[in-house]
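S.K.: Input: one structure, supplied below.
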Amino acid sequence: MSGTPSTSRIVRAALSAADLSKAVSRAGRFGHVRVVAVGKGALAMLRGLESVADIVDGVAVTLQAGPVPRSVKLYVSDHPVPTRRSFEAGRAVLDYVGSLGRGEILILLISGGASSLMEVPLVPEEDLLEAWNLLLKSGMTIRELNAVRKRISGVKGGRLGYMAAAKGVEVINLIASDVPCDNPSDVGSGPGVPDDTTPDEAYLYLRARGIWDKLPDSVRRLIESKKGSRDTPSEFPHKSMVVARNRDVLEALRDLAGGFIATSCLVGEARDAGRLAAYMAREIGVPLILGGEPSTTVRGRGKGGRTSEFALSFAISSSGDLAVLALATDGLDGNTGAAGVWADPYLLKDVVNAGMDVGRLFEENDTFKPFEVTGRAIYTGPTGSNLNLVFYVDKWSRLKALLEGG
């Protein structure tokens, strides 16, 4: 089987369950509100909010231009690494929140990607960017990453929400979770909710990962100066609601095809998680459904992402007629340009026939190549959502049928 089944039943079911406009519209009614929407799902969440609130004005920050309410100022920014546009957007959001007054209602629509899209550095911009790149390649979990990023940001770790609450503004967070187990403080580095990490944690994570000494001096000085104290707000008046989560997508897949949901909190190296899923399928049976945010430690310069590392590792470790679909709900995994891939029992034979060395592919982080070359990639384009990754394991005959259109 070859092609790009972006209209297949299983992909449609996953992306429909990840529709953030619908998720926000189910969150309640809010009256007259001011709004800050940040993340890959900002535009979809704004559409949902329009149906249940009177938006006075606001600021939106996202990856691509699109329609927003007339009173909302749109900033197009960048991901996964901040740029000058991210800094401009961050300053605009701070100025906007600073203009609010007592008794007003501020709704923060936060979705995946917000950490990069909106930033106000507390260290020189070039030092923040250097640190950011080191962190992304480190293999750190999202909690570890955010514990560090909150230390060097003027908007993360609850700073934005605290600023509003201190002015007498009612702060309401509507969150589309792209993090395992849906901790609001981890989504977008938690700009509108109290921070549950500390400078001491950040220091320990950096030491444990062996990258402390590689960080710019300004970053190390700032973190060291705050050890033993709280540098971000640990409490302030606010409301927080997770309106969409990875588990919603997994349940939609179960409704479509049956099976067992093992977890929505999958973490660790994607290649290790793929191997784990193969062995779990042997023991538990299929369909087996998993989701979460496994990571990829970047050592090479190839084309790849978490879905391709997971699926290629699964193919090596599976047996019989097992197959897997690995899909990123935002539509873009790593540097591949694809939403995901699938691996069937014939993948390895095709890889060998194409003259590819699997070990080398992993070494170079070039794991997308087998799927691209053999037509096992799924392209959807940006979806306007970001509820993490989903993995569906089943017999190939059943998965093949679900991958077909109609």
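S.K.: Just need a number here: residues in the range 26-56 that are under 12 Å from residue 107 (Cα atoms), among the basic types (Lys, Arg) and touching a Pro at 6+ places or on another chain (Cβ under 9 Å).
M.R.: Count: 0.
S.K.: Only residues that are surrounded by fewer than 24 Cβ atoms within 10 Å (Cβ to Cβ), in a loop (DSSP other than H, G, I, E, B) and under 23 Å from the mean Cα position of the chain (by Cα): list them for the range 350-400, please. Write out each step before concluding.
M.R.: As a first pass, look at the range 350-400 and keep what is surrounded by fewer than 24 Cβ atoms within 10 Å (Cβ to Cβ): 350-366, 369, 372-375, 379-383, 395-398, 400.
From the residues that got through so far, the ones that are in a loop (DSSP other than H, G, I, E, B) too are 354-357, 364-366, 375, 379-383.
Matches in the range 350-400: 365, 366, 379, 380, 381, 382, 383.
S.K.: For the range 308-316, indicate whether the set of residues that are assigned to a loop (DSSP other than H, G, I, E, B) and either among the aromatic types (Phe, Trp, Tyr) or crowded, with 24+ Cβ neighbours inside 10 Å (or both) is non-empty. Lay out the reasoning, then the answer.
M.R.: At the first step, the residues of the range 308-316 found to be assigned to a loop (DSSP other than H, G, I, E, B) are none.
Checked against the condition, which is being assigned to a loop (DSSP other than H, G, I, E, B) and either among the aromatic types (Phe, Trp, Tyr) or crowded, with 24+ Cβ neighbours inside 10 Å (or both), the range 308-316 yields no hits at all.
S.K.: Is one or more of the residues making up the range 189-208 surrounded by 24 or more Cβ atoms within 10 Å (Cβ to Cβ), in a helix (DSSP H, G or I) and among the hydroxyl-bearing types (Ser, Thr, Tyr)?
M.R.: Within the range 189-208, one or more residues are surrounded by 24 or more Cβ atoms within 10 Å (Cβ to Cβ), in a helix (DSSP H, G or I) and among the hydroxyl-bearing types (Ser, Thr, Tyr).
S.K.: Tell me whether the range 192-204 contains one or more residues that are of a type outside the set (Val, Ile, Thr), closer than 19 Å to residue 385 by Cα and in the same structural domain as residue 138 (by TED's automatic domain parsing).
M.R.: Here is the first cut: in the range 192-204, the ones of a type outside the set (Val, Ile, Thr) are 192, 194-196, 199-204.
Right, trim to closer than 19 Å to residue 385 by Cα and you get none.
No, that holds for no residue.
S.K.: Can you tell which of 37, 17, 23 is out of contact with any strand residue (DSSP E or B) (no Cβ under 8 Å at 6 or more places or on another chain) and at pLDDT 95 or above?
M.R.: Numbers: 37 fails: out of contact with any strand residue (DSSP E or B) (no Cβ under 8 Å at 6 or more places or on another chain); 23 fails: out of contact with any strand residue (DSSP E or B) (no Cβ under 8 Å at 6 or more places or on another chain).
Exactly one of 37, 17, 23 is out of contact with any strand residue (DSSP E or B) (no Cβ under 8 Å at 6 or more places or on another chain) and at pLDDT 95 or above, namely 17.
S.K.: Which of (1) part of a helix (DSSP H, G or I); (2) aromatic (Phe, Trp, Tyr); (3) closer than 26 Å to residue 161 by Cβ does residue 236 not meet, given it meets every other one?
M.R.: Going through the list (1) part of a helix (DSSP H, G or I); (2) aromatic (Phe, Trp, Tyr); (3) closer than 26 Å to residue 161 by Cβ, residue 236 breaks only (1).
S.K.: Now, a different point. Return the total of residues in the range 262-299 being in contact (Cβ under 8 Å) with a residue 12 or more places away in the chain and either part of a helix (DSSP H, G or I) or not assigned by TED's automatic domain parsing to the domain that holds residue 344 (or both).
M.R.: Keep residues of the range 262-299 that are in contact (Cβ under 8 Å) with a residue 12 or more places away in the chain, which gives 262-275, 277-282, 284-299.
With the extra rule that they be either part of a helix (DSSP H, G or I) or not assigned by TED's automatic domain parsing to the domain that holds residue 344 (or both), the set shrinks to 270-275, 277-282, 284.
Residues in the range 262-299 being in contact (Cβ under 8 Å) with a residue 12 or more places away in the chain and either part of a helix (DSSP H, G or I) or not assigned by TED's automatic domain parsing to the domain that holds residue 344 (or both): 13 in total.
S.K.: Can you tell me which residue in the range 187-220 is nearest to residue 237 (Cα to Cα), limited to those that are over 20 Å from the mean Cα position of the chain (by Cα) and polar (S, T, N, Q)?
M.R.: Within the range 187-220, the match that is nearest to residue 237 (Cα to Cα) is 198.
S.K.: Output yes when any residue across the range 246-261 is of a type outside the set (D, E, K, R), assigned to a loop (DSSP other than H, G, I, E, B) and closer than 30 Å to residue 279 by Cβ, and no when none is.
M.R.: Filtering the range 246-261 down to residues of a type outside the set (D, E, K, R) leaves 246, 249-250, 252-253, 256-261.
Adding the requirement that they be assigned to a loop (DSSP other than H, G, I, E, B) leaves 258-259.
With the extra rule that they be closer than 30 Å to residue 279 by Cβ, the set shrinks to 258-259.
Scanning the range 246-261 turns up at least one residue that is of a type outside the set (D, E, K, R), assigned to a loop (DSSP other than H, G, I, E, B) and closer than 30 Å to residue 279 by Cβ.
S.K.: Further question on the same structure: Would you please list the contacts, defined by Cβ atoms under 9 Å and residues six or more apart or on different chains, that run from a residue in the range 174-185 that is free of Cβ contacts under 8 Å to residues at least 12 places away in the same chain and part of a strand (DSSP E or B) to a residue that is hydrophobic (A, V, I, L, M, F, W, C) and surrounded by fewer than 24 Cβ atoms within 10 Å (Cβ to Cβ)?
M.R.: Close Cβ pairs (under 9 Å, with a partner that is hydrophobic (A, V, I, L, M, F, W, C) and surrounded by fewer than 24 Cβ atoms within 10 Å (Cβ to Cβ)) do not exist here.
S.K.: Take the range 131-160 and flag every residue that is farther than 24 Å from residue 56 by Cβ, in a helix (DSSP H, G or I) and in contact with a Lys or Arg (Cβ under 9 Å, 6 or more places away or on another chain).
M.R.: 131, 132, 134, 135, 144, 146, 149, 150, 151
S.K.: Of all residues in the range 172-191, which are closer than 14 Å to residue 249 by Cα and polar (S, T, N, Q)? If you could, list the steps in order and put the result at the bottom.
M.R.: Start the filter on the range 172-191 by keeping residues that are closer than 14 Å to residue 249 by Cα, which leaves 176-182.
The one that is closer than 14 Å to residue 249 by Cα and polar (S, T, N, Q): 177.
S.K.: Looking at this structure, is residue 168 in contact with a Lys or Arg (Cβ under 6 Å, 6 or more places away or on another chain) and surrounded by fewer than 21 Cβ atoms within 10 Å (Cβ to Cβ)?
M.R.: Details: in contact with a Lys or Arg (Cβ under 6 Å, 6 or more places away or on another chain): yes; surrounded by fewer than 21 Cβ atoms within 10 Å (Cβ to Cβ): yes.
So residue 168 fits the description; yes.
S.K.: Which one of 69, 80 is surrounded by fewer than 24 Cβ atoms within 10 Å (Cβ to Cβ), of a type outside the set (Ser, Thr, Tyr) and without any contact (Cβ under 8 Å) to a residue 24 or more places away in the chain? Before the answer, list the steps.
M.R.: Values: 80 fails: without any contact (Cβ under 8 Å) to a residue 24 or more places away in the chain.
Only one candidate passes the filter, namely 69.
S.K.: From the residues in the range 83-112 that are touching an Asp or Glu at 6+ places or on another chain (Cβ under 9 Å) and surrounded by fewer than 16 Cβ atoms within 10 Å (Cβ to Cβ), which one is farthest from residue 131 (Cα to Cα)?
M.R.: 103
The values are calculated or read from the model by the stated rules, or taken from the named source; none is laboratory data. Quick caveat: nothing in here was measured; it's all calculated off a predicted structure. As a convention, Cβ positions derive from the backbone with ideal geometry for all residues, glycine included, and neighbour counts pool all protein chains shown.
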